[in-house]
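Computed from the coordinates by the stated procedures, all read-outs in this text should not be read as laboratory data. Keep in mind that this is a model prediction, so the values were computed, not measured. Cβ sites come from the backbone with ideal geometry, for glycine too, and all protein chains shown count toward neighbours.
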Amino acid sequence: MDAITVNHLRRLYKSTDGIIKRTTKEVVAVEDVSFEIRQGELFGLLGPNGAGKTTSVKMLTTLLIPSGGSATILGLDVVKDANKVRPRIGFIFGGERGLYWRLSGLDNLRYFASLYYVDEATSKKRIPELLEIVGLKGREREKVEGYSRGMRQRLHIARALLHDPEVLFLDEPTMGLDPVGARELRTTVKNLQSANKTILLTTHYMFEADALCQRIAVINKGKIVALDTPEKLKENVQDLSVVEVELYGIPQEVIERIKALDFVVEVSIENRDQRQVMQVHTPKGPEAIPVLVEHLNGLRIGRIITREPTLEDAYVRLVGGAEQ
Amino acid sequence: MKRIGLNLRIMARAFEIELRQNMTDGFVLFGILIQPLIVAFMALWMLKGKGPDYAIFVVIGSGMTGLWTTLLFNGGNSITGERWTGTLEPLVASPASLRVVIYGKVLANVTQSLLSMIGSYFLISFAMGYPLTLTYPGLFFLSLVISVFSLVSFGLILASFFILIPDFARMVNTLEFPVYILCGFLFPIALLPGWTTPLSYLLSPYWAALALHGAAQGTLEPLQIVGTWGIMAFFSLVYILASGRLYRVILRKARRDATLDIVGN
Amino acid sequence: MLNRLTTNTRIFFEGAYYSYKALFRWLRPATYLASEVFAPLTMMIFFVYIGAYASGSNSASFYVIGNSLIFAASSGIFGVTMSVGGERWSGTLPYLFGSPANRWAMFVGRAVMHVLNGMLGVFIGLGWGILLFKLDLSHTDPLALLLTILITTFSTSGLGLLMGCLSLITRNVMLVNNTVYFLLLVFSGANIPVGDLPRWMQVISQGLPLTRGVACARTIIDGGSLADVLPLLQVEFLIGVILTILGYFLFKIFEIEAKRMGTLDIF
């Protein structure tokens, strides 16, 4: 049975502008999203910032009413049966908001335990366990305002697990964490999955989705543009290779000109310190290099290499190179 | 039955959490403690000519101003405050009823502001040497308890206005003194023009002040005091019943307009 | 020389304009009316009625004048503090300290709009008094009254500047502000005649801004001439000057200290 089903979910926002004269316009955040997640699956929703990930998650966690379409969690409708859905799901939103900073981590957990009707005996046992799992043991009596970003994020996770929910939503859980903190957090997520929870993880890091998820839905501009296992997604780009050209400043019109070449499938630009790395996806492989160099005439060029495509490249191709 | 127990526990936790947060917030402490003391001091000085018996009137009246200010600012903000910290979303997504949580929070604020009444009691009786006696102590304390609950029930409604009416928070400053005036905290409403009297009757703080002043100074018969309890109980019932519907409306509206959190998307 | 003067003038007006705009950006006309016109009225009514209850007679003009001038203090203290303290909350303080702009021009510029707003507040208060409480201005020398209002708003803004500087180092600036504001209510003679206060409190009253302003306004509305109140007004002005200078130097000290200790961003 599917733990989560999403059918043509859609969400508009009204935004108002101006101080004296207010004008209202509608913005589409989620245009058309459908997918199913199996019980016990770790499912990734991958997309660039503003693609509609958070909005989708908020609709599934009963915090937003969809403008169209429907969704069920464990067979319950997220709008009609919101009250029945809530005790059975847990969620964290990336970032540091959503905690009481002037209280200790322990106070935060105890408070939410009672909000989830966790009885006293259970919560006495469960909170220390959770503190252990998320690595906050020994720090629980300190105020949250003194916590590091990573600690707050892990406190969020502990809070989401207080009532032992069957379904978990993790919205950009590693956002803003340092590399070590992010790695620890990924380990925690992996462990949760082995505890047989259904998990929906959103991220804009390809490698994170690749490392954790059994299936990945790539979302861009409010629509699902691909949905498959990481391996299958990679196959989509197997026929191509990637030419990487190191540059020191490239004008936009040159990028446009290269994009327009008939053997070029996608172009993305990655900024590394002073340099820019232009990645050109092409079936021609190394043969493309002379033509590219010709178009880059007059620019300072560094290293040029050709390599096999990665999942990252598959993602770049799906969401369009500009997002890098 | 078990449900009631669990809800009481949620209310108690919300109460505790709110109390502890307030303790570290200077601005809140000002509204709760210092401002009423200053009002008490001023009123005592202004009403000096009325003789020492008026000290108890001042203690209660200025305490009521503190109670109302707390209810208006802290109680009223109890939903919007969560919105600013980003905790409204987890609150709403939890199975707990938001009304129960808010009730606990407002109760914490109102209880805390009673401290100012006690503070001015001690200040005026010990430090300044005024005689402070209660004519009907028992009736006074019962009136106090009933007043607190009727005010908290009103706070439940106020808090929803902050969500329902976008400009309410900006206008809230203008509601502080009108209630001081209309509810007879520090002067009888008989001094006001006659057309304002029905307005006073509609405000539960008026009945609370009437009961407390009456029980303290003996200006009301015991039966009349019990009468004000009935009126306060009636108002509380109306507020609580109304709040059920009101909270359903505001939560649905917030989920539709995406206003549960201040940061969008 | 002239060039420098124009630059400083520009900094002055920019400071004034931006601090005011930032503060009232969230206000709409209806909200402005509510918080600047209606709210002060309700406070005035409250004290007028307590006064009426106390004395049993009609002494409204005493409270109307006192509370009208309190509006000047409110604008001076809260407005100015917020426009200085706002730097800290918005995290722009390091840039401010890092800029070569003349502190004096910038600092006083911030206060100017609030002085004007405070004066407007006093007029509104007196207007309510005429409309609702039969305040009689027929014996009043308008120029003397205007001067009194100007000087009183200036002196309370000086207090605001000083508080604004404190707001750069304390976390609970609103707490300090509100306490000072309410203490002014007690000490200034706006609602309690200064002569009724205990001796030690009268001493404090004499050291604060606003006290003399309130006394002058009452004398002038009662038919007194500018010459009658001039000595008091001079002292009120002097208090304003002293507070402004103190505020300025305090700001300087904080700036130097912050740069020396490297604590700009923990402000």
Dipole magnitude of region A:148-266, debye to nearest 20 (Cβ charges: Lys/Arg +1, Asp/Glu -1, about Cα centre): 640
In order through region A:210-227: 3J(HN,Hα) via Karplus (6.51 cos²θ - 1.76 cosθ + 1.60), integer Hz, x for Gly, Pro: 4, 6, 9, 8, 7, 9, 10, 9, 9, 10, 9, 6, x, 10, 7, 9, 6, 8
Cα-projected label distance for B:A169 with B:A233, points at 7 Å along beta-carbon direction, nm: 3.8
Straight-distance crosslink candidates among aspartates and glutamates, where the alpha carbon sits under 19 Å from C:K134 and sequence neighbours closer than 8 are dropped: C:D222
Cα→Cβ-extended label distance, 7 Å offset, between A:E36 and A:V180, nm: 4.4
GNM top mover of A:Q274, A:Q153, A:Q193 - chain A, alpha-carbon springs below 10 Å: A:Q274
For region A:2-234, size of Cβ-based charge dipole, Lys and Arg +1, Asp and Glu -1, in debye: 520
Distant-in-sequence amide H partners of A:L240 (H built 1.01 Å from N, under 5 Å): none
Other-chain or far-sequence residues with amide H under 5 Å of A:V225's (modelled H): A:V218, A:I219, A:N220
For region B:227-265 and region A:219-251, distance of Cα centres in Å: 50
Lysines with Cα under 27 Å of A:K25, excluding same-chain neighbours fewer than 8 positions away: A:K14, A:K53, A:K58, A:K221, A:K223, B:K253, C:K21
Interchain or long-range residues, amide H under 5 Å from B:G218's placed H: B:T135, B:Y136
Computed [θ] at 222 nm, deg cm²/dmol, chain B (DSSP H ≥ 4; -39,500 (n - 2.57); rounded to nearest 500): -23000 deg cm²/dmol
Rounded D (µm²/s) - chain B, Kirkwood Rh over Cα pairs, Stokes-Einstein at 10 °C, 1.306 mPa s: 83
Cβ-based exposure ranking for C:M119, B:M128, A:M1, A:M59, in which fewest neighbours within 10 Å come first: A:M1, B:M128, C:M119, A:M59
Cα Rg over Rh - region A:28-186, Kirkwood: 0.97
Shielding by partners - mean other protein chain Cβ count within 10 Å, residues of B:175-181: 6
For region C:144-153, 3J(HN,Hα) per residue [Karplus equation, 6.51 cos²θ - 1.76 cosθ + 1.60, θ = phi - 60°, Hz, x = Gly/Pro]: 4, 5, 4, 4, 4, 5, 4, 5, 5, 5
Neighbour net charge for C:T140 - beta-carbon separation under 12 angstrom, K R +1, D E -1: -2
A:E132 paired with A:K84, simple spin-label distance in nm, labels 7 Å along Cα-to-beta-carbon: 3.5
Shielding by partners - mean other protein chain Cβ count within 10 Å, residues of C:190-201: 2
Region B:103-181: relative contact order as a whole-number percent, Cα under 8 Å and 6+ apart: 39
Most positive-pole-ward Cα, B:V226, B:W207, B:I10, against dipole of region B:2-257 from beta carbon charges: B:I10
Residue-by-residue Karplus 3J(HN,Hα) for region B:50-55, coefficients 6.51, -1.76, 1.60, Hz, glycine and proline x: 7, x, x, 4, 7, 4
MRE, 222 nm, helices only [DSSP H, n ≥ 4, -39500 (n - 2.57), over chain A, to nearest 500]: -9000 deg cm²/dmol
If the convex hull is drawn through the Cα atoms of the protein assembly as shown, its volume per residue in Å³: 208
Region B:4-43 residues near the modelled A:E120 label - backbone nitrogen below 18 Å, point 7 Å along Cα→Cβ: B:4-17
Distant alpha-carbon pairs in chain A (separation over 31 angstrom), percent: 42
Cα centre as origin, Lys/Arg/Asp/Glu Cβ charges: region B:2-257 dipole, Debye: 880
Which of B:E176, A:E308, B:E82 has the fewest Cβ neighbours within 10 Å, and the rest in rising order: A:E308, B:E176, B:E82
Reach of A:K143 by Cα under 25 Å, taken over lysines that are not fewer than 8 positions away in the same chain: A:K124, A:K125, B:K105
Cβ-based exposure ranking for A:E312, A:E145, in which fewest neighbours within 10 Å come first: A:E145, A:E312
Average beta-carbon neighbours from other chains, 10 Å sphere, peptide C:35-42: 5
Distance between region A:271-289 and region B:148-188 - C-alpha centres, whole angstrom: 64
